[in-house]
Structure formats: structure tokens, C-alpha cells
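Engineer: If you scroll down you'll find the structure; I have some questions about it.
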Amino acid sequence: MTSRTEDPNRTPTWWSRASFAGRLSDADRADLLRIGGRQEFPSAHPLLRQGDRGRHLLLLTTGQARIMVEGSRRGPQGIALRYTGDLVGELSYLDDGPRSASVVAVGPVVVRHIPAEAFDHYLRHHPAAHRPFARLLADRLRAADKRTVTASYDTTTRVAAVLAELTVLVDDELVAHTTQRELAQLVGASQISVHRALRRLAQLGLLATRHGSIVIVDEVGLGRFAESSTDPIT
């Protein structure tokens, strides 16, 4: 892991459209990149560890990371992926409690290490950033609730729901950067079951598979397939 000063004018050209940074104005995003320090992590290196103390946040500026939770008899389980523009560490920032999950680099990752006090100052002086931050929290609460609700669904529905959450826009193409093995972990199913689910969704014209990623052909159709009639979070 290395750390050095980053040029605040060197702003990445693409951000996950559903990320915190992706929802900020250009000016607010540029100011966010001026705080904290730059850190690099190699693939499979933990960015944050479950149970550790600390209130700092990390903003992913390059690469992606997997959210891992300990405590299962099957060992650490991946429950979500985070992409460029995403903030991680937000729960401990808010309640000063131990980290509720580990965050592990998927390939090389570059982040901004943002101290809690610096982020407090940023929010005070950038009131428009409050709503994107609130939306980040709401999205993750809904995602957690959906994982609970869909646990009893069939594998194909669970796969569709996870893919709908992972979809990002890359060069005018909707893509979910995940492998079948990672999907199996995220939905709690075997790789064979996930393969069958993807084949069914492909036959319905909703997606196409590639090595290391899945192209979403019909985002609306995939979302409808994954919709639940139950939504306890209002």
C-alpha cells in the first residue's frame, strides 16, 4: 500500500452513476477530491477490516471492491460490490462503532482516505452534498432489506436483483462487473445454479455474458423481473 499527494485537478472521467461522487456537481466533486490523501491497494488487499475501529471514509477513485461479512459457517461471504465514486466506511463514520464488514480490493484500487473531521467540514461547506450522502445511506438500507426479502426467492430472481444493483454505465453500455463465482457468493447459490439463471435471463433477452462481466441488454426488463411485491422500507 502506498500513499502520496494527488493532484486535485486530475479528476477521473467516469464515475458510477449511482455513486456518491457520481451524484455530486462538478464543483462539489472537485472539492471532495482535494481533501484527504491518495492511497493505492493491490488486488485482494483489505481496504477496511470488519471489527476494526476508525471513523475515516474511503472514496474509490479507481477500481472496485467487494464487501465481505464474517460470521457464516461457510466463511466470509461477499454481499456487495463497490465501484468508482463509491464511499465506504460510512456506518462507522456515523456511529463511531466498529466496522460492520470488510472491504477488499478486486484488482488494483486507488482511493481517497478522508478523515472524519475533514468530511464533517466538507458537508458543512457543501450543503448540496447532503442529499447524495442521504441517498447513499438509503440505497444501502434498501439493498440490505432486499437481500433479506429475496433470500427466499428462486435463484434466477435473486440473480436478477443483484445484477440490477451492480449495473453501471461504461462507454454507453450497461455492465455488471462480476463473475459467476462472485454472483454465487452474493446470492447464496451454487455456481451451477447461477449459470442456469444467467442462461435463462439471456434467453429472455435481458443480458449477455462476457468473461468477467455481464452486459445488461434490457435494464427495465431486468428490473421488472427482479421486482418484489414486498418493500418493507418506506
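The values are calculated or read from the model by the stated rules, or taken from the named source; none is laboratory data. Small disclaimer: the values here were computed from a predicted structure and weren't measured. We work out accessible area using only protein heavy atoms, side chains counted, and drop any ligands, DNA or RNA first. Shrake-Rupley method; radii C 1.70, N 1.55, O 1.52, S 1.80 Å.
Engineer: Students sometimes get this wrong: rank Glu165, Glu227, Glu40 by accessible area, probe 1.4 Å, all chains present, largest first.
Structural biologist: Solvent-accessible surface, decreasing: Glu227, Glu165, Glu40.
Engineer: Probe radius 1.4 Å, ligands and nucleic acids left out: which of Asp52, Asp95 has the largest accessible area, and how do the rest follow?
Structural biologist: Largest accessible area first, the residues go Asp95, Asp52.
Engineer: In terms of modelled amide H atoms, which long-range or inter-chain residues lie less than 5 Å from the amide H of Arg17?
Structural biologist: Leu169
Engineer: For region 51-118, just the Cα set please: Rg and Dmax, both in angstrom.
Structural biologist: 12.1, 39
Engineer: Oh, and also: Please provide three numbers in whole Å: the alpha-carbon extents of region 88-137 along the principal axes, with the largest listed first.
Structural biologist: Cα spread of region 88-137 along its principal axes, largest to smallest: 33, 24, 21 Å.
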